[in-house]
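The values are calculated or read from the model by the stated rules, or taken from the named source; none is laboratory data. Predicted, not measured: the structure shown is a model, and the values here were computed from it. Counting neighbours? That spans all protein chains shown, and the Cβs are built from the backbone with ideal geometry, glycine included. In case anyone asks, the SASA skips ligands and DNA or RNA and just uses the protein heavy atoms, side chains included. Shrake-Rupley method; radii C 1.70, N 1.55, O 1.52, S 1.80 Å.
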Amino acid sequence: MLSSPLYATDVLPEDGDSKDWWLSTHETMSYKVGEWSNGLDAFFSGQRHENDEKSFVSLRFGTILESEDGVSGFFNLDARLHLPNTENRLDLIIESDADELTQDNRLMDNEPGQNILQSAQNTRFATMLRYVKDEWNANIDLGLLVRMPMDPFVRIKFDQDYQLGKWLIEQNEALFSYYSLGYGGRYSLAARRPFSDRFEFGAEFGTTYLELDSETYWRQNLYLNHALSDRSKLRYQVSYLQEGSKPKAESFLYYVEYQQVLYSNWLIGQLKPQVTYERENDYQSELSLTASLEVLLGPSFL
């Protein structure tokens, strides 16, 4: 599920009157995102909005250095076009790798073994119209998985959150059905607590059932977020992955993720060294390093 981009409120002035080609390209594309949002809003509601800070496009690409597969690359594209004149109920969502039905069995954010061009060519996008039902704390997605043949799907998500002292508790339920990939459901529970202005501890539990695999996946995460400054942060995380109706150990991993805003509020760099232990590899340690750049486009990034 798409969320608001990182550091979306950290707006810094750009120096000088003349712009390099990459700055002017970013400005042009950010205006385009606003125009697309305006055009779709007018189509669905008959009205145009002046400005919308919630619409954005995220482009993320990088390199994975992995002990088994060597050097490979990846490319991700995600977007959210907010349509405020539809009583703030409709969004157009684009998600990359939409055929990955669950995160509960994923060892890495992106699969190694291909270059950036191959990753872009092999990425399967989902285009969906999201209906926001605030009264139910629910999002209802109707869309298409863009591949041949087209794969229509429906997905509904419910969210609840509670404040217990200094702890924030979040609970999520999801049901989905794809024409060719089958149906499934997911439940997750998360708790997080800030310890100071710069530290936050969290724990997450998630389980997913996929009818296509006739399998249940389980995941537990423990993490610590450390804000080094207003423009950089670290995340330390340990994850334990299991499979089966009676959970059995499949994988264990831990990583450190460093994020740094490199320019204004729209260019973000990331480094993520990780150690993974898999049952199918006799729990031998596998090292990897992911380096990536994320470019954010939209009216709020001008």
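Taking every protein chain into account, the accessible area of the range 36-163 amounts to 52 square angstrom per residue (probe 1.4 Å).
Per DSSP H run of at least 4 residues, take -39500 (n - 2.57); add these up for the chain, divide by its residues and hand me the 222 nm value, nearest 500 deg cm²/dmol.
Only helices count here, giving -3500 deg cm²/dmol.
Residue by residue, the range 92-106 carries 3J(HN,Hα) couplings of 9, 10, 10, 10, 8, 6, 6, 7, 7, 6, 8, 8, 6, 10, 8 Hz when phi is fed to the Karplus relation 6.51 cos²θ - 1.76 cosθ + 1.60 (θ = phi - 60°); x denotes Gly or Pro. Shape analysis of the range 218-302 places it in the prolate category; the axes a ≥ b ≥ c from the Cα gyration tensor give an a/c of at least 1.5, with a/b above b/c. Shown are Ser288, Ser214, whose ranking by accessible area with a 1.4 Å probe and every protein chain present, most to least, is Ser214, Ser288.
Extension gain, Ser180-Leu164: 0.36 nm per intervening residue step, less the Cα-Cα distance, totals 1.6 nm. Strictly over 24 Å apart at the Cα level, which of Lys157/Lys233; Lys248/Lys272; Lys166/Lys272; Lys32/Lys54 would you flag in this model? Too far apart for the 24 Å limit: Lys157/Lys233; Lys248/Lys272; Lys166/Lys272.
What is the magnitude of the charge dipole of the chain about its Cα centre, with +1 placed on the Cβ of each Lys and Arg, -1 on the Cβ of each Asp and Glu, and no other charges, expressed in debye to the nearest 20?
Working: 27 positive and 47 negative charges, 90 e Å.
The dipole of the chain has a size of about 440 debye.
Each residue, Ala42 and Lys133, gets one label point 7 Å from its Cα in the Cβ direction; the gap between the two is 3.2 nm.
Can you quote the Å³ per residue value for the convex hull of the Cα atoms in the range 29-125, rounded to an integer? Can you show the working numbers first?
Numbers: hull volume 11.4 nm³, N = 97.
Convex hull volume per residue, Cα atoms: 118 Å³.
In whole percent, how big is the carbon plus sulfur part of the accessible area of the chain, probe 1.4 Å, protein atoms only? Taking all protein chains in place, the chain shows 56 percent carbon and sulfur surface.
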